[in-house]
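Shown next, in structure tokens, is the structure this report addresses.
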Amino acid sequence: MARMQIMQLTDAAASRIREQIARSETPVVGLRVGVEKGGCAGMSYTMTYATEIKPFDEVIESNGVKLIVDAKAVLFLLGTTLDVKADKFSSGFVFLNPNETSHCGCGESVAIEPARADALAG
């Protein structure tokens, strides 16, 4: 049975990540994504440059980009697509997460339920 992919990148997101990594002043192995508690809805997505891959990290390679998913965030991010949204006034990364149950009005935090065990099998 096929295992569900933890995360996917759109072409636009991969391109943006490549651009940003190329501008980094220190060596970077990829982009680390995760979640942390906080914000009015309960959790926030995190994104940082990764200078190393930790033992339990999940590594996704797509379009020439390494996306490193923090082990503690896997169940919250299972099935998520990372994209880029641009409008007249701003642009930035967006998480299209099927595990999101709600988000706050300011757009900085979300409520996320961990994926069910049967989703892991695909």
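Once the 1.4 Å probe is applied to the protein heavy atoms, segment 14-55 comes out at 63 Å² accessible per residue.
Once C-alpha pairs closer than 8 Å and six or more residues apart are averaged by separation and normalised to the residue number of segment 1-81, the relative contact order reads 39 percent.
Taking 0.890 mPa s as the viscosity and 25 °C as the temperature, the Stokes-Einstein diffusion coefficient of segment 1-69 based on its alpha-carbon Kirkwood radius rounds to 186 µm²/s. Of the solvent-accessible surface of the chain, computed with a 1.4 Å probe over protein heavy atoms with every protein chain present, carbon and sulfur atoms account for 52 percent. Relative contact order of segment 43-86, taken over Cα pairs closer than 8 Å and 6 or more residues apart, is 25 percent. Assign one of three labels to segment 14-117, namely rounded, prolate or oblate, based on the Cα gyration tensor with a ≥ b ≥ c the square roots of its eigenvalues; rounded applies when a/c is under 1.5, prolate when it is not and a/b is larger than b/c, and oblate otherwise. Oblate, because a/c is 1.5 or more while a/b does not exceed b/c.
Ranked by the mean number of other Cβ atoms within 10 Å of their residues, highest first, the peptides 10-18, 28-36 come out as 28-36, 10-18.
Projecting label points 7 angstrom from Cα along Cα→Cβ for Asp83 and Glu52 puts them 3.6 nm apart.
The values are calculated or read from the model by the stated rules, or taken from the named source; none is laboratory data. Computed from a prediction, not measured in an experiment: that's the story for all the values here. Every residue, glycine as well, gets a Cβ built from its backbone with ideal geometry; the counts of neighbours run over all protein chains shown. With ligands, DNA and RNA removed, areas are computed over all heavy atoms of the protein, side chains included. Shrake-Rupley method; radii C 1.70, N 1.55, O 1.52, S 1.80 Å.
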